[in-house]
Amino acid sequence: MDELRTLILGIGNPARGDDGLGAAFISALGESLPEGFRAEACYQLAVEDAIALSQVDRVCFVDASVDVPAPFDWQPVGADPQGTMDSHALTPGALLMLTGILFNTIPEAWVLAIRAEETSEIREQLSETATQHLELALRFFNEKAGIYPDL
């Protein structure tokens, strides 16, 4: 049986404090991913990401959020025809919809939203609180990946 292919996309700008949680998540994963997993960091989702999504069985979007309870939220996400789709605000649901339109496939998808506290300040480090949230999100994700393939 073929190995399930999983893409982990860490979203955010590391130069904007806690907005860099997605990139920090990818960095912390390092080379410790199980076979069949690939991790990438990006500032924001782009139309071109539909190509990568068309080549995997599932995707996990990791992003900072001020709208979720601490320390993080883990939710499935599906293709969303109402999702925002422009050059600076492509949502995971809109990207999944676009992937389906362009490639006739939509991977199983999840969003890991890590609670952010300080995103407006220009600084290249996470707040102490966000660092704690990141550690808890990593532990959770590694446990989920550990029961692979039931992520």
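The values are calculated or read from the model by the stated rules, or taken from the named source; none is laboratory data. Not measured: the values here are computed from a predicted model. We place every Cβ from the backbone using ideal geometry, glycine too, and count neighbours over all the protein chains shown.
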- Task: Look through Gly12, Gly100, Gly22, Gly17 and report the one residue that is more than 15 Å from the chain's Cα centre (by Cα), small (Gly, Ala, Ser) and closer than 19 Å to Glu124 by Cα.
- Result: Gly17
- Item | Selection from region 96-105 of residues that are in contact with a helix residue (DSSP H, G or I) (Cβ under 6 Å, 6 or more places away or on another chain) and surrounded by 18 or more Cβ atoms within 10 Å (Cβ to Cβ) | Leu98, Thr99
- Would you mind stating whether Phe61 is within 22 Å of Thr129 (Cβ to Cβ), part of a strand (DSSP E or B) and among the hydrophobic types (A, V, I, L, M, F, W, C)? yes
- Message: Please pick out the residue among Leu90, Leu126, Leu151, Leu96 that is modelled with pLDDT of 95 or more and of a type in the set (A, V, I, L, M).
- Response: Leu96
- Message: If I ask for residues that are without any contact (Cβ under 8 Å) to a residue 40 or more places away in the chain and closer than 12 Å to Leu138 by Cβ, which ones from region 13-31 would you list?
- Response: Ile26, Ser27, Gly30
